[in-house]
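Enquirer: Dropping the structure in here first, questions after.
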Protein chains: 4
Amino acid sequence: MDWMGLKDEHKLLRQDMKRFAETELSSVVLEMDKKGEPLTSAMKKIGEIGGLGILISEEFGGAGMDFLSLIVTVEELAKISPSFALSVAIHNFFGEAILSYGSTEFKKEYLFSLSTGKMIGGMAVDTMNHPIPSNGCEERLVVNGTFSDIFGFSVKIDEKEQFVVKKKGEELKEETEMMGMRSSGISSFKLDENAMSEDKRFNIDSANDFYSRMRLLLASVACGICQASLENAISYSKERHQFDRLIASFGMVRTMLADMASRAYASRIVVYQASSVNNVLDREIASVFTTESSLYVTDKGVQIYGGYGYIKDYPLEMFFRDAKVLEVFAGSADYRKVLIGKSLTS
Amino acid sequence: MDWMGLKDEHKLLRQDMKRFAETELSSVVLEMDKKGEPLTSAMKKIGEIGGLGILISEEFGGAGMDFLSLIVTVEELAKISPSFALSVAIHNFFGEAILSYGSTEFKKEYLFSLSTGKMIGGMAVDTMNHPIPSNGCEERLVVNGTFSDIFGFSVKIDEKEQFVVKKKGEELKEETEMMGMRSSGISSFKLDENAMSEDKRFNIDSANDFYSRMRLLLASVACGICQASLENAISYSKERHQFDRLIASFGMVRTMLADMASRAYASRIVVYQASSVNNVLDREIASVFTTESSLYVTDKGVQIYGGYGYIKDYPLEMFFRDAKVLEVFAGSADYRKVLIGKSLTS
Amino acid sequence: MDWMGLKDEHKLLRQDMKRFAETELSSVVLEMDKKGEPLTSAMKKIGEIGGLGILISEEFGGAGMDFLSLIVTVEELAKISPSFALSVAIHNFFGEAILSYGSTEFKKEYLFSLSTGKMIGGMAVDTMNHPIPSNGCEERLVVNGTFSDIFGFSVKIDEKEQFVVKKKGEELKEETEMMGMRSSGISSFKLDENAMSEDKRFNIDSANDFYSRMRLLLASVACGICQASLENAISYSKERHQFDRLIASFGMVRTMLADMASRAYASRIVVYQASSVNNVLDREIASVFTTESSLYVTDKGVQIYGGYGYIKDYPLEMFFRDAKVLEVFAGSADYRKVLIGKSLTS
Amino acid sequence: MDWMGLKDEHKLLRQDMKRFAETELSSVVLEMDKKGEPLTSAMKKIGEIGGLGILISEEFGGAGMDFLSLIVTVEELAKISPSFALSVAIHNFFGEAILSYGSTEFKKEYLFSLSTGKMIGGMAVDTMNHPIPSNGCEERLVVNGTFSDIFGFSVKIDEKEQFVVKKKGEELKEETEMMGMRSSGISSFKLDENAMSEDKRFNIDSANDFYSRMRLLLASVACGICQASLENAISYSKERHQFDRLIASFGMVRTMLADMASRAYASRIVVYQASSVNNVLDREIASVFTTESSLYVTDKGVQIYGGYGYIKDYPLEMFFRDAKVLEVFAGSADYRKVLIGKSLTS
């Protein structure tokens, strides 16, 4: 179903991204996932069609589109490669951070390069969603870490949260091998306090609001995973026979498809809706609901594929692992729920 | 959160219904639930403010409002009394059936009385959502059965589905005592084939489309239950102490509230969205998702109330039972999912 | 399946209790549940066959049987009436408390009457499993409160836990009307600190160990509910037709029966096993697992019964409510899990 | 907790296997899992201490131990390497098949080699648990396929099920890369009907009984996974700080540990119990319950590890994937439940 708030421009953008994903991603995605390598050449190509500066205003070389446009972009890419969609989401969001908090000078220096993909940005994330203490003793994972030129993270200094922009250097350890999201170039990173003097730092007015938008972007990765898992499972159930019947005719398969569809549907609607209002709580609720849904949906999808759901030559195997790992970057569901509950009762 | 599709007229209507429910329902609802008696005097009063002819066009004495208006009405009433909301939903939907399928003569005879509440309508429902075979051998439950003047049900005759309107007579057995929805006047009913000659019968063009709208109405009862359970649980958690702390400060309570909020939120958005498009599958997905969510939400609510969640003087005890029973009228979730899965693969 | 630790004496006892339940309970249980009245005459009769002094040694007029015997008794009674089984469990456990902690004089005074049922005992329970503070400001629910002659509860005085035995008096408020366990004579009770001087008080050596055995007894009520729900659902599925087929032939019904059987089976085995070892943690794990299982199993059972699962003339409706309320007396699952987790990590 | 049916010989065997796993498996398991390579040298070594002929009678060079001994062995190995445990389970069970159904001549030819590990056996499995049709058109996965010398599978010929023993040949395709169980040497296999004339074939008297024992063995892999995930998570929670507190002090972590413990505990008890009775239904219930439990337990474990739960240098990441894939070899839970339900109602 199409949500009532989608405009023609969003639908056109979706078509473009769908075409891009099918042309540039689908043939290589499973192979690169096996190797754990990022899709850097596709990253360059999506820059050529404007996909790396979606939120950046035209004066800095971007497309100047709205947040829903980025949501739709990320969702559509995630249907073929959740890893790549995560990389694109984080790069765009890093640009958004510069645009929101950077000095004019800094914007001029970086935004043109980021918009076109000459420079790739990354972000350090944390399952607990809290800034690095200024003593630097905590480790973080950096999305796009292995191939980005620059990356950002939050630090807490004197009880205030600052956004730090760092050029890639020695602190970024080698690739961290994870269960999923294996083409997102994840590195682990530990802040060297002494090296911070060279970094650019910006005040973040409202960190909750800021990061809740990032989490909604990650939720749109989950939406794409849900939708693609559903579509793949429907197709598979109409091709695969068991006991001389199409499995689509089995009550149990139908029930699982219905459960998948119901979560996929609800996830998309709540993410679109939350992206259209200016409300942190709505975004947090939408993103935790959607991340959980993607686990639920991919798990059912794997079951519908039977033995083939566990084999690396079929997409569900990857979607399942990617959905599982997504919660690392979107933040631990348990912790986010505690914060939502706190917000509801205060 | 308010959905983007709600207009001012819907918001005003919601305010009216909220005031009505607080004035006319809240003081009696728990007592009537214990006794298992319908709220007939409130039924009369809501007729006086137009609540019984919401969809009926003005030429027949109704309010001529849209389907979303009825959704909002039912949702709002359900926050205080799910049973009463069910009765109002079914009465209005019975009127809609006459309006859609009845002859002009028949409309003139009944719609004025139904709009004003001079006459109350009921409907026979089935967990399997299928029409009564013309040989009449199956039993049905009738919502509003104990106090309605007239009621309708579907019959399958020669492979075609017809909507039958019956004046209340002997076939309606005494009240059926159920776990929940105890103020909806549920009766059991068995069709006497010989008596059918006196009934009015109408062809139903598209039974799936027709009943999917009824199920979406029942989903709005579930939405009201979710919302009220959440609000009650939030209030309670801010009053109740345990181990000398407000329970709202416990991580576990916060997590449960977040889970409740996330389902309550998603349910409302998908029901509103599904009510605004002309698509059977969207309605079916929205209603099965929402009915299941109300079970999930009330179960968490009961847990937050602790021992008081199981005692008949507190609203959660009733909401939990009402949510559980709602699935009888909305149709068995299992069966509906099989149909959704069939639709997805055909 | 029969567990390997059951001896012939346990199997004979089970047969006796099965016969008793079928003769004395089955014809009245649903009616008394509707009315919310206790099965006092059956209580008297089970006293006549030794069911009220199972753990009490022969010197005080009891049967002097082992704890597993009481587990089997309670489980078997719960298959017909969980409320009655709860009453019997609590009465027997109250006797056990006197036997374990009472003075010789006190034992002589009360145990003969308790063994034969001349006197009925009750217990105050708490979802949080903690003793009443000596300032008495907390309310408790008393099982058998409306019809017992004497009842017990824990009080915390000077950081020590004492077991208080109270003759029935004014502090016991009227019956508390609950969602389930409606024939267990539940009353609410608030301690009047001034009145405590007349009560008998005993030191409890190890309250955790003591109450963990009570909770295992309540788990055996859950086992009975699971088993009976499964058996009822199997029978029903072999009688009920839908779409001209027995519902036992539907994949979905079979799957639900398998899920029910698996939980019912596991619950019994872990309760029997935990009753045979002297280990608090095993008992706590067994009882929280079993209480949750009974909710899961009855919920599936209600679904298999379809519309009839929600109607008060069928047993599943009652089993479902009884299972839900059981957690009030066994203690909130959430809280118990926190304690288990604490124990596992210390 | 130790189950009451474990004898000293089982406890000693457990100690031996624990020592073996710690010495021979723990240092290489994560590395081999990453590479997707089998632990062939450990396979040889476990043969030297009698672990490859546990069920084979002494006359054929085996240890002549009981089924519970094999259960304990497999469980203990699975705590370090579920893949290796699967390989050992399947090898031993293949030997059991020869012992049960083979001709004396055939036994003499193969059992000595299998007992000592000179020859390694494999088995073809199917998520639907049904034999290969004699026209051979269905694909199967073979455990130990890449490194075994000989393997077995069931074929349906003229409505009868036969066990076919095949020497490794061309039909075994290359390694199949799976999500988990990556060190079990899984290959895919398609029967070449023409080549069957060279195979040895044996009648299976009661295939259900036969394979239910294999599935119980796989359930013991699940038991090991549950137990090790719990133990790892407990240790981790006592080392890891968050917000300056040990995570073992958080209510949410405690609750998750309790849920893990409860399933781990119940799983072991039901598997041990089912291994001690001669009842297919008990075995099927125990194995489906246990396989599902291992998914539940590892999922919680991953959450307790936070971000580290998803990284390949920590054991939970592997346990989670192994548990997920286990259901392929134990048979699809959905399908097995339908069979259990059928058995319960017939």
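Enquirer: Say we look at segment B:203-254 and pick out the residues that are within 28 Å of B:Val288 (Cα to Cα) and of a type in the set (Phe, Trp, Tyr); which of these is farthest from the other protein chains (Cβ to nearest Cβ)?
Expert: Checking each candidate, the answer is B:Phe210.
Enquirer: Look at C:Leu70 and say whether it is among the aliphatic types (A, V, I, L, M) and closer than 26 Å to C:Phe202 by Cα. Show your work before the answer.
Expert: Working: among the aliphatic types (A, V, I, L, M): yes; closer than 26 Å to C:Phe202 by Cα: yes.
When the stated conditions are applied, C:Leu70 passes them.
Enquirer: Within segment C:1-39, count every residue that is in contact with a Gly (Cβ under 8 Å, 6 or more places away or on another chain) and more than 14 Å from every other protein chain (Cβ to nearest Cβ). I'd like the intermediate steps shown before the answer.
Expert: From segment C:1-39, those in contact with a Gly (Cβ under 8 Å, 6 or more places away or on another chain) are C:4, C:17, C:20, C:38; that's our starting set.
Filter once more, keeping what is more than 14 Å from every other protein chain (Cβ to nearest Cβ): C:17, C:20, C:38.
Number of matching residues: 3.
Enquirer: In addition: When you go through (1) part of a strand (DSSP E or B); (2) over 30 Å from C:Ile132 (Cβ atoms); (3) charged (D, E, K, R) one by one for C:Glu239, which number turns out not to apply?
Expert: Here C:Glu239 meets the rest and fails (1).
Enquirer: Select, from C:Ser83, C:Ser115, C:Ser87, the only residue that is within 14 Å of chain B (Cβ to nearest Cβ), under 21 Å from the mean Cα position of the chain (by Cα) and either polar (S, T, N, Q) or within 15 Å of C:Met43 (Cβ to Cβ) (or both).
Expert: Details: C:Ser115 fails: within 14 Å of chain B (Cβ to nearest Cβ); C:Ser87 fails: within 14 Å of chain B (Cβ to nearest Cβ).
From the options C:Ser83, C:Ser115, C:Ser87, the qualifying one is C:Ser83.
Enquirer: (1) surrounded by fewer than 20 Cβ atoms within 10 Å (Cβ to Cβ); (2) away from chain B (no Cβ under 12 Å); (3) not in a loop (DSSP other than H, G, I, E, B): which one isn't true of C:Phe151, the others all being true?
Expert: (1)
Enquirer: Quick check on my filter: what residues within segment C:115-133 are crowded, with 19+ Cβ neighbours inside 10 Å and out of contact with any Asp or Glu (no Cβ under 9 Å at 6 or more places or on another chain)?
Expert: C:Ser115, C:Met123, C:Ala124, C:Val125, C:Asn129
Enquirer: Just the residues that are in a loop (DSSP other than H, G, I, E, B), at negative phi and within 14 Å of chain C (Cβ to nearest Cβ), please, taken from segment D:303-346. Quick ask: steps written out before the conclusion?
Expert: Of segment D:303-346, the ones in a loop (DSSP other than H, G, I, E, B) are D:312-314, D:331-332, D:345-346.
Narrowing further to those that are at negative phi: D:312-314, D:332, D:345-346.
Within segment D:303-346, D:Ser332, D:Thr345, D:Ser346 qualify.
Enquirer: Would you mind finding the one in A:Lys324, A:Lys312 that is farther than 15 Å from A:Ala286 by Cα, crowded, with 22+ Cβ neighbours inside 10 Å and either among the basic types (Lys, Arg) or in contact with a strand residue (DSSP E or B) (Cβ under 7 Å, 6 or more places away or on another chain) (or both)?
Expert: A:Lys324
Enquirer: Still on this structure, I have one more. Of everything in segment A:131-189, what is of a type in the set (Gly, Ala, Ser) and in contact with a Pro (Cβ under 6 Å, 6 or more places away or on another chain)? Give them in sequence order.
Expert: Taking segment A:131-189 first, the residues of a type in the set (Gly, Ala, Ser) are A:134, A:136, A:145, A:148, A:152, A:154, A:169, A:180, A:183-185, A:187-188.
A:Ser154, A:Ser183, A:Gly185, listed by residue number.
Enquirer: Does D:Leu257 satisfy the condition of being away from chain C (no Cβ under 14 Å), part of a helix (DSSP H, G or I) and buried (at least 23 other Cβ atoms within 10 Å of the Cβ)? I'd like the intermediate steps shown before the answer.
Expert: Values: away from chain C (no Cβ under 14 Å): no; part of a helix (DSSP H, G or I): yes; buried (at least 23 other Cβ atoms within 10 Å of the Cβ): yes.
The answer is no for D:Leu257.
Enquirer: Scan segment A:149-187 for residues that are of a type in the set (Ser, Thr, Tyr) and at pLDDT 95 or above and jot them down. Show your work before the answer.
Expert: Kept after step one, since they are of a type in the set (Ser, Thr, Tyr), are these residues of segment A:149-187: A:154, A:176, A:183-184, A:187.
Selection gives A:Ser183, A:Ser184.
Enquirer: Considering only residues that are buried (at least 24 other Cβ atoms within 10 Å of the Cβ) and of a type in the set (Ser, Thr, Tyr), which ones fall in segment C:136-148?
Expert: Once the filter is applied, which keeps residues that are buried (at least 24 other Cβ atoms within 10 Å of the Cβ) and of a type in the set (Ser, Thr, Tyr), segment C:136-148 yields only C:Ser148.
Enquirer: Shifting gears a bit: Name the single residue, out of those in segment C:279-291 being of a type outside the set (Val, Ile, Thr), part of a helix (DSSP H, G or I) and surrounded by fewer than 24 Cβ atoms within 10 Å (Cβ to Cβ), that is nearest to the other protein chains (Cβ to nearest Cβ). Spell out the reasoning first.
Expert: Initially, segment C:279-291 is screened for residues of a type outside the set (Val, Ile, Thr), giving C:279, C:281-284, C:286-287, C:289.
Okay, now just the ones that are also part of a helix (DSSP H, G or I), so C:281-284, C:286-287, C:289.
Pick out the ones that are also surrounded by fewer than 24 Cβ atoms within 10 Å (Cβ to Cβ) and you get C:281-282.
Details: C:Leu281: 8, C:Asp282: 5 Å.
By that ranking, first place goes to C:Asp282.
Enquirer: Only one residue in D:Asp244, D:Asp313, D:Asp322, D:Asp259 is more than 22 Å from the chain's Cα centre (by Cα), among the charged types (D, E, K, R) and modelled with pLDDT of 95 or more. Which one?
Expert: On the way: D:Asp244 fails: modelled with pLDDT of 95 or more; D:Asp313 fails: modelled with pLDDT of 95 or more; D:Asp322 fails: more than 22 Å from the chain's Cα centre (by Cα).
Criteria check complete, one pass: D:Asp259.
Enquirer: Right, here's the next one. Among all residue pairs at least 6 apart or on different chains, which show Cβ distances below 8 Å where the first residue, located in segment B:326-346, is under 14 Å from A:Ser237 (Cα atoms) and the second is part of a loop (DSSP other than H, G, I, E, B)?
Expert: Filtered contacts from segment B:326-346: B:Thr345/A:Lys238.
Enquirer: So A:Phe84 clears everything in (1) within 23 Å of A:Leu230 (Cβ to Cβ); (2) surrounded by fewer than 21 Cβ atoms within 10 Å (Cβ to Cβ) except one condition, right? Which one?
Expert: That leaves (2) as the condition not met.
Enquirer: Same structure again: Give just the number: which of (1) within 14 Å of another protein chain (Cβ to nearest Cβ); (2) modelled with pLDDT of 95 or more; (3) in contact with a strand residue (DSSP E or B) (Cβ under 9 Å, 6 or more places away or on another chain) does D:Asn144 not satisfy?
Expert: Checking D:Asn144 against (1) within 14 Å of another protein chain (Cβ to nearest Cβ); (2) modelled with pLDDT of 95 or more; (3) in contact with a strand residue (DSSP E or B) (Cβ under 9 Å, 6 or more places away or on another chain), the one that fails is (1).
Enquirer: Okay, moving on. Can you find a residue in segment A:239-259 that is under 30 Å from C:Thr255 (Cβ atoms) and touching a Phe, Trp or Tyr at 6+ places or on another chain (Cβ under 6 Å)? Break it down stepwise before answering.
Expert: Here is the first cut: in segment A:239-259, the residues under 30 Å from C:Thr255 (Cβ atoms) are A:239-259.
Of the ones still in play, those that are also touching a Phe, Trp or Tyr at 6+ places or on another chain (Cβ under 6 Å) are none.
Looking through segment A:239-259, none of the residues is under 30 Å from C:Thr255 (Cβ atoms) and touching a Phe, Trp or Tyr at 6+ places or on another chain (Cβ under 6 Å).
Enquirer: Among the residues of segment A:154-185 satisfying the criterion of being within 14 Å of chain D (Cβ to nearest Cβ) and touching a Phe, Trp or Tyr at 6+ places or on another chain (Cβ under 9 Å), which is surrounded by the fewest Cβ atoms within 10 Å (Cβ to Cβ)?
Expert: Start the filter on segment A:154-185 by keeping residues that are within 14 Å of chain D (Cβ to nearest Cβ), which leaves A:156, A:173-182, A:184.
Subset that is touching a Phe, Trp or Tyr at 6+ places or on another chain (Cβ under 9 Å): A:173, A:178-181, A:184.
Values: A:Lys173: 14, A:Met178: 23, A:Met179: 23, A:Gly180: 26, A:Met181: 30, A:Ser184: 31.
Ranking the qualifying residues of segment A:154-185, first place goes to A:Lys173.
Enquirer: I've got another one for you. Between A:Ser276, A:Ser294, A:Ser267, which is buried (at least 24 other Cβ atoms within 10 Å of the Cβ), at the interface with another protein chain (Cβ under 9 Å from one of its Cβ atoms), in contact (Cβ under 8 Å) with a residue 40 or more places away in the chain and among the polar types (S, T, N, Q)?
Expert: Values: A:Ser276 fails: buried (at least 24 other Cβ atoms within 10 Å of the Cβ); A:Ser294 fails: at the interface with another protein chain (Cβ under 9 Å from one of its Cβ atoms).
It is A:Ser267.
Enquirer: Also: Considering only segment C:32-56, state which residues are more than 16 Å from the chain's Cα centre (by Cα) and farther than 16 Å from C:Gly185 by Cβ.
Expert: Those that are more than 16 Å from the chain's Cα centre (by Cα) and farther than 16 Å from C:Gly185 by Cβ: C:Lys45, C:Glu48, C:Ile49, C:Gly50, C:Ile56.
Enquirer: Scan B:Ser212, B:Ser197 and give me the residue that is among the small types (Gly, Ala, Ser), part of a helix (DSSP H, G or I) and not assigned by TED's automatic domain parsing to the domain that holds B:Gly152.
Expert: Working: B:Ser197 fails: not assigned by TED's automatic domain parsing to the domain that holds B:Gly152.
Being among the small types (Gly, Ala, Ser), part of a helix (DSSP H, G or I) and not assigned by TED's automatic domain parsing to the domain that holds B:Gly152 holds for just one of B:Ser212, B:Ser197, which is B:Ser212.
Enquirer: Select, from C:Asp209, C:Asp192, C:Asp205, C:Asp199, the only residue that is within 19 Å of C:Ser113 (Cβ to Cβ) and surrounded by fewer than 18 Cβ atoms within 10 Å (Cβ to Cβ).
Expert: Working: C:Asp209 fails: within 19 Å of C:Ser113 (Cβ to Cβ); C:Asp192 fails: within 19 Å of C:Ser113 (Cβ to Cβ); C:Asp205 fails: within 19 Å of C:Ser113 (Cβ to Cβ).
None of the others qualify; the one that does is C:Asp199.
The values are calculated or read from the model by the stated rules, or taken from the named source; none is laboratory data. Quick caveat: nothing in here was measured; it's all calculated off a predicted structure. Counting neighbours? That spans all protein chains shown, and the Cβs are built from the backbone with ideal geometry, glycine included.
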